[in-house]
Protein chains: 2
Amino acid sequence: MSAERPLVLLVEDEPAQREILRYNLRSEGYDVSMAENGDDAIVLVDEMGPDLILLDWMLPGVSGIEICRRVKSKRATAHIPVIMLSARSDEMDRVRGLETGADDYLTKPFSVQELMARIRTQLRRTRPATVGQALEFDDIVLDGETHRVSRGGAPIKLGPTEFRLLSTFMEKPGRVWSREQLLDRVWGRDVYVDTRTVDVHVGRLRKALCQHGGADPVRTVRGTGYALG
Amino acid sequence: MSAERPLVLLVEDEPAQREILRYNLRSEGYDVSMAENGDDAIVLVDEMGPDLILLDWMLPGVSGIEICRRVKSKRATAHIPVIMLSARSDEMDRVRGLETGADDYLTKPFSVQELMARIRTQLRRTRPATVGQALEFDDIVLDGETHRVSRGGAPIKLGPTEFRLLSTFMEKPGRVWSREQLLDRVWGRDVYVDTRTVDVHVGRLRKALCQHGGADPVRTVRGTGYALG
DNA sequence: CTCCAAGGTAACAGATTTGTAACAGGGGTC
DNA sequence: GACCCCTGTTACAAATCTGTTACCTTGGAG
């Protein structure tokens with residue numbers, strides 16, 4: 001969930017627009033993932049957990065406004081800022097756009113410069129360190145908002161890396177993550193770090209979680225990676 | 001400084017516009033104070049401490065953009081959201097407007113309905129729950145109305161920045177705020193201030209809160225930011 | 001059982017991040 | 001003007017976290 005470069009989900013059905021925006025977003029330093037229709041968009045929001053969503057108003061299938069409503073009504077994603085893009089300059093729509101929960105609204109044609117300014121503003125405002133509500137697994141609780149972790153009620157102190165590692169595990173308990181995947185998610189895209197480093201940090205996480213007794217909740221999958229539970 | 005009904009400062013030189021807006025703002029439940037030129041506006045900002053400023057771009061005397069810059073460059077007022085109103089639809093101006101520090105920008109003619117929506121958005125963002133009621137956390141009490149803070153009954157003297165910092169923290173005890181978020185909320189947006197400055201002020205806040213003993217209520221979340229409790 | 005690759009982990013040498021005192025400048029007040 | 005309070009920045013020390021390495025243990029194929 002975003003380590004260095006913010007991830008922008010671009011939802012736009014027109015190929016030309018999409019390319020222009022992608023190009024510009026990239027050169028501003030964002031990672032971009034794209035969807036051309038509402039259904040893909042909704043899936044991608046959940047899968048990628050973007051830091052910001054650029055949403056075309058008019059879309060084939062599920063409309064932009066509907067996507068926005070869904071994103072905002074779901075706890076896990078409600079915090080993600082949404083910027084609506086629309087050809088309509090109709091004022092009712094502008095108002096509705098904002099009231100649906102969009103965080104900003106731009107009418108086409110808009111300058112790329114302005115869009116980038118708005119994106120920066122939104123990211124600066126909303127982007128917390130780690131997002132999400134409290135995750136639970138067994139007797140372990142991790143709260144992304146307060147950055148607190150406890151096991152059986154007792155507080156657990158974790159370093160930043162261990163915290164991110166545990167959050168990743170807890171996001172999908174049981175799922176097996178390869179070392180490469182963990183490096184990607186926890187350390188960030190394109191960071192040169194030895195895969196054995198993952199082992200060391202998993203070890204540190206284990207030690208922290210078991211300091212007051214209790215079974216080791218982290219499972220080693222030999223030849224593959226690690227998983228929680 | 002805002003008891004119950006948010007106070008909007010309306011800066012507009014054209015009498016007709018002014019009346020229309022005032023009427024509408026009133027009926028939406030805002031208190032309105034007005035200025036017809038830049039000089040009056042600047043005085044009123046300091047005197048009344050409005051919760052939001054509606055600023056016409058073109059003004060006799062000091063220009064809207066200049067007022068905005070002054071409001072935003074002054075720490076005591078930087079956090080007040082400014083919405084610019086302008087006849088110019090020039091996109092460069094929009095961008096410049098936002099980059100000068102305005103929080104939003106509307107091009108005339110705009111619908112009153114839209115303006116109200118934007119105002120709500122801005123107020124929702126900036127306006128802490130501190131207005132009116134006192135906030136409490138542990139033995140710390142912060143009264144947004146009288147601007148007084150006490151710990152265990154003993155009064156605590158805080159500078160303006162520390163006060164806003166503490167009220168941000170107290171708005172959501174436990175929540176971790178990144179330095180950028182704090183800069184945004186406490187200092188105001190688009191203020192170029194080093195993130196380390198946040199550390200210094202947190203330090204000052206800590207010292208003030210602990211001067212009569214008691215545990216440090218501010219928690220450092222390494223690699224992320226700070227939180228209360 | 002033997003052997004080897006895979007995984008666990010202590011230790012260490014940096015590298016980062018944070019706490020804080022000191023300082024200089026801006027504004028306001030008298 | 002002299003004074004005072006508040007700010008933002010800086011520099012340095014202290015605290016804490018990191019990645020790597022080296023050396024062990026483990027698992028399981030044969």
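FYI, it's all coordinate maths here, none of it is from the lab. These numbers come from a predicted model, not from an experiment. Using ideal geometry, Cβ is built from the backbone for each residue, glycine included, and neighbour counts are taken over all protein chains shown.
Descriptive notes on the structure:
- Sorting A:Y192, A:Y105, A:Y23 from the fewest to the most surrounding beta carbons within 10 angstrom yields A:Y192, A:Y23, A:Y105.
- Gap separating the Cα centres of the range B:167-229 and the range A:167-227, nearest whole Å: 31
- Other-copy label distances relative to B:K157, 7 angstrom Cα-Cβ extension, nm: 3.5
- Sorted from closest to farthest, the other copies place their B:T220 label points 3.5 nm away, with each point set 7 Å from Cα along Cα→Cβ.
- Remark: relative contact order (the range A:135-228) = 28 percent; criterion is Cα-Cα distance under 8 angstrom and separation of 6 or more residues.
- For the pair B:R148 and B:R26 in one chain, pulling the backbone fully straight at 0.36 nm per residue adds 41.0 nm over the alpha carbon distance.
- Phi angles of the range A:31-44 translate, via the Karplus equation with coefficients 6.51, -1.76, 1.60 and θ = phi - 60°, into HN-Hα couplings of 8, 10, 10, 10, 9, 10, 8, x, 5, 4, 4, 4, 4, 5 Hz per residue; Gly and Pro are given as x.
- Counting other Cβ atoms within 10 Å as a rough exposure proxy, the listed residues A:H147, B:H201, B:H212 run B:H212, B:H201, A:H147 from fewest neighbours to most.
- B:R206 label point (Cα plus 7 Å toward Cβ) to equivalent points in the other copies: 3.4 nm, shortest first.
- Exposure proxy ranking for A:I67, A:I156, A:I20, based on other Cβ atoms within 10 angstrom of each Cβ and starting from the fewest, stands as A:I20, A:I156, A:I67.
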